[in-house]
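Presented below is the structure to which this report refers.
The values are calculated or read from the model by the stated rules, or taken from the named source; none is laboratory data. All values reported here derive from a predicted model rather than from experimental measurement. Neighbour counts are summed over all protein chains in view; Cβ atoms, including those assigned to glycine, are modelled from backbone coordinates with ideal geometry. Surface accessibility is based on the protein's heavy atoms, side chains included, excluding ligands, DNA and RNA. Shrake-Rupley method; radii C 1.70, N 1.55, O 1.52, S 1.80 Å.
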Amino acid sequence: MYLVADGVGGHADGEVAAAIVRDTLQRDVGEGLPLIEAIHRSHRAVLDEIDRRTDSNMGSTVVAARIGSDEYDIAWVGDSRAYFYDGELKQVSRDHNPVSEMVARGAITPEQAASHPERNVLSQSLGVSEAINVAPGRIRGDFGPGDQLILCSDGLTDEISDTQIAQIMGREATPEAQVKGLIEAALNAGGRDNVTVVVIGAKGEQAGGSKKGASTLGGSPAVYADAKDSGGHDNKVLMLLGLMAAIAIAWVAIKIF
């Protein structure tokens, strides 16, 4: 399992909420609970922590992926995103915000959404309030040799376009180089928010027949992750043991406000 949990901006103790989400998912999925149920439990865990405090309305987004031998299972709440890359880039999550809903209805174009003043207003997050109806998004798909997944915070996607993401993914040969290239591009574009990126899977046979590979870890996908704050400094990147049957070393990144 790999995840990005992003403390909700504008709310106190967002870094605490992100850590609660991370720890709850690690524990509950490790004990065999389905990913969606674990996300609901993480929402409850953040609310319980809010109840123990007198002046907090902390919250967090999450995007989490479980990787099997030949498929992925992704669930999310908020605007941390998941992309699938196999030589072409496809966003497989959909942001939980009103602007994304307008795009889905055809009311505005993706280009208009990128500059919409309410693009960072969330309709769902974990914690914050008992009044929030958390309904995680979910998607499953095939995940084979040469396929890659990107999990990221909005610090990446607010700064660079999907076209730029695809160009960097295609240009760089390894997950490490891809992550570094994506973060550098976001910081160079303004870096107004912290940037967290996880790339899962190594590049394989792509269009044109060239093979650019990176080694796998313990029979599981090669993984690299990094996080930078808006000043370009290293943020917290925590190493956890993967929770799949074939244990792999995974990097789980938490963006801290």
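Side notes on the structure shown:
- The portion of the accessible surface of segment 122-182 made up by carbon and sulfur, rounded to a whole percent, is 46 (1.4 Å probe; DNA, RNA and ligands excluded).
- Rounded if a/c under 1.5, otherwise prolate or oblate - segment 128-185, Cα gyration tensor axes: oblate
- Loop-resident GluC sites (Glu not before Pro) (DSSP state other than H, G, I, E or B) in segment 1-67 with no more than 16 further Cβ atoms inside 10 Å of their Cβ: E31.
- For segment 8-97, the share of accessible area belonging to carbon and sulfur comes to 40 percent (1.4 Å probe, ligands and nucleic acids excluded).
- Shape call, segment 1-90: gyration tensor on alpha carbons, a/c limit 1.5: oblate
- Stretch gain in nm, segment D23-S123, where the contour uses 0.36 nm per residue and the Cα spacing is subtracted: 33.6 nm
- Taking 7 Å steps out from each Cα toward its Cβ at A114 and R140 produces label points 3.4 nm apart.
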